[in-house]
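Below: the structure, in structure tokens.
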Amino acid sequence: MEEQSARGDILETLAERLGKRQVFGEPVRQGDTTLLPVAHVRTGGGRHGHDDGVGIGVDARPVGAFSVSADGKVAWHPAVNVNKIVWGGQLALAAVVVSFAIAFRRKR
């Protein structure tokens, strides 16, 4: 019974922390335009055996923002993750370097 109560308390706390403001941020007004930031939120949890070891994780990252102009037009502006772009470029460059190294090694 105590275990169910503890689990309920954990889930209740998690629900409070993951309210609507976790996905949609506070609207920001800039001139005649209102921006509404949007995030992608993932949660996960686990429990270790019969011990009291319970873990909950939350991963939130920005995905973009909606802009609403004074005339009511809505536009989506995706967030750009520069780190992913750089990482992809580095992986592509590494693949090219390895390919050239293998190609020139075989010619000898």
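The values are calculated or read from the model by the stated rules, or taken from the named source; none is laboratory data. Fair warning: this is a prediction, and the values are worked out from it, not measured in the lab. Ideal geometry is used to build each Cβ from the backbone, glycine not excepted, and the neighbour counts take in all protein chains shown. Protein only, heavy atoms only, side chains kept; ligands, DNA and RNA dropped before computing areas. Shrake-Rupley method; radii C 1.70, N 1.55, O 1.52, S 1.80 Å.
Please list, in chain and number order, the residues 5+ apart from Gly45 or on another chain whose amide H is under 5 Å from its amide H, with Hs placed from the backbone.
Here Gly57 satisfy the definition.
Under 5 Å between amide H atoms, partner at least 5 residues away or on a different chain: which partners does Ala79 have, H built in plane at 1.01 Å?
Gly64, Ala65
May I ask you to rank Arg29, Arg105 by accessible area, largest first, using a 1.4 Å probe over the protein chains only?
Largest accessible area first, the list is Arg105, Arg29.
With every protein chain in place, what's the accessible area of Ile56 (1.4 Å probe, Å², nearest 10)?
Estimated to the nearest 10 Å², Ile56 gives 80 Å².
Taking amide H atoms as placed 1.01 Å from N in the peptide plane, list the residues 5 or more away in sequence, or in a different chain, whose amide H sits under 5 Å from that of Val23.
Amide H to amide H, under 5 Å and 5 or more residues apart or across chains, Val23 pairs with nothing.
Would you mind counting up the charge near Ser99? Only other residues with Cβ under 12 Å from its Cβ, with Lys and Arg at +1 and Asp and Glu at -1.
After counting each charged neighbour, the total is +2.
All other residues with a Cβ under 12 Å from the Cβ of Ala70 taken together, and with Lys, Arg as +1 and Asp, Glu as -1, what is their net charge?
Combined, the nearby Lys, Arg, Asp and Glu give 0.
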